[in-house]
1. Please give the Cα centre distance for the range 194-243 versus the range 25-78, rounded to the nearest Å.
2. So who's got an amide H within less than 5 Å of the one on residue 55, skipping anything under 5 residues away but keeping other chains? H placed 1.01 Å off N, in plane.
3. Can you tell which of 18, 256, 208 lies farthest toward the positive end of the dipole of the chain, using +1 and -1 charges on the Cβ of basic and acidic side chains (Lys, Arg; Asp, Glu)?
4. If you average 1/r over all unlike Cα pairs in the chain and invert the result, what Kirkwood radius do you get in angstrom?
5. With a 1.4 Å probe and all protein chains in place, put 238, 177 in order of accessible area, largest first.
6. Calculate the dipole size of the chain relative to its Cα centre from +1 charges on Lys and Arg beta carbons and -1 charges on Asp and Glu beta carbons; express the result in debye to the nearest 20.
7. Which of 196, 183, 218 sits closest to the plus end of the dipole of the range 164-261, meaning its Cα is farthest towards the positive end, when Lys and Arg get +1 and Asp and Glu get -1 on the C-beta?
8. Taking 0.36 nm per residue of sequence separation and subtracting the Cα-Cα distance, how much length would be gained by fully extending the chain between residue 48 and residue 24, in nm to one decimal?
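The values are calculated or read from the model by the stated rules, or taken from the named source; none is laboratory data. Since the model is a prediction, treat every value here as computed from it, not as a measurement. All Cβ positions, even for glycine, are placed from backbone atoms using ideal geometry, and neighbour counts span all protein chains on display. Ligands, DNA and RNA are stripped out before the accessible areas are found, and what is left, the full protein with its side chains, is counted by its heavy atoms. Shrake-Rupley method; radii C 1.70, N 1.55, O 1.52, S 1.80 Å.
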Amino acid sequence: MLTTAPRDPAALPRLLLTLLAVALLWPGLELSELNPAVLLDPGNVHTMGQFLSGFWPPEHGEEFLQLLWRATLETLAIATAGMSLALLIALPASLWASRALSLTALHRGGRPAWWAQALRWPVRGLLIFLRSVPEIVWALLFVRAVGLGPTAGVLAIAITYSGMLGKVYAEIFESVDPRPSRALLAAGSPRLAAFAYGVLPSAAAEMISYTVYRWECAVRASVVMGFVGAGGLGQQMDLSMRMFAGGEVASMLLTFLALVLLADQLSRLLRWRFT
């Protein structure tokens, strides 16, 4: 005796969601004028082939390698200095924006008073503003203000990443077990001591992991900002591309790949060490 397979009760909702997704994506594809067929045009394929052939072999002359080494160190310096300044802003801002050390929450079941919440909103609004403007925009502004060079890149990373780090740090502080810090605060401990002994031990591993990830993002961002004159590998890559020196660009791309791999391995090592 043949039996029919049971009907999937979620089939209709899935179909409707699929149709809704297509209806929403289709106008976007039309507005963006996306046409992958142009990549297969014989003339375009020939042009791209000629362009890519100029990237081989990578440049490896002694004079260029010295220039590449200086640009690489400058890129790392921009990312590291920018992250250091961002941490100086993000740590106090995250403590102010977080409810983890709220004194009014001790006697209200973990819920701070409304006026304490209101005092945090200006800091949260500042963090939203800092991270809402991309670092490339800040770099354009600082290039006009301080001139060409790595200073513009450092300031751009410091401003944007302070907003990102401050927001995530505040959420990490609020996600850890609040009982140790509340016990310390209830015993009369200062807030910094409650943070150091009640919050930080539980939040350190996640903070380190996210900070190293953001440093990796800062390395990539410093290369991109170099195209607007903020120094580092990006600025040198822009000059090489304007001179149609494909071999030099290929060497810089390989160096950039090595930097990202190095940052990834450093992140793995730190996560393994502190978790």
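1. If we compute the Cα centre of each part, the gap is 22 Å.
2. Residues meeting the criterion, in which the H sits 1.01 Å from N, do not exist here.
3. With unit charges placed on the Cβ atoms, the residue in question is 208.
4. After inverting the pairwise mean of 1/r, the radius is 22.8 Å.
5. Ranked from most to least accessible, the order is 177, 238.
6. 1600 debye
7. It is 183, whose Cα lies furthest towards the positive end.
8. My answer for the length gained is 5.4 nm.
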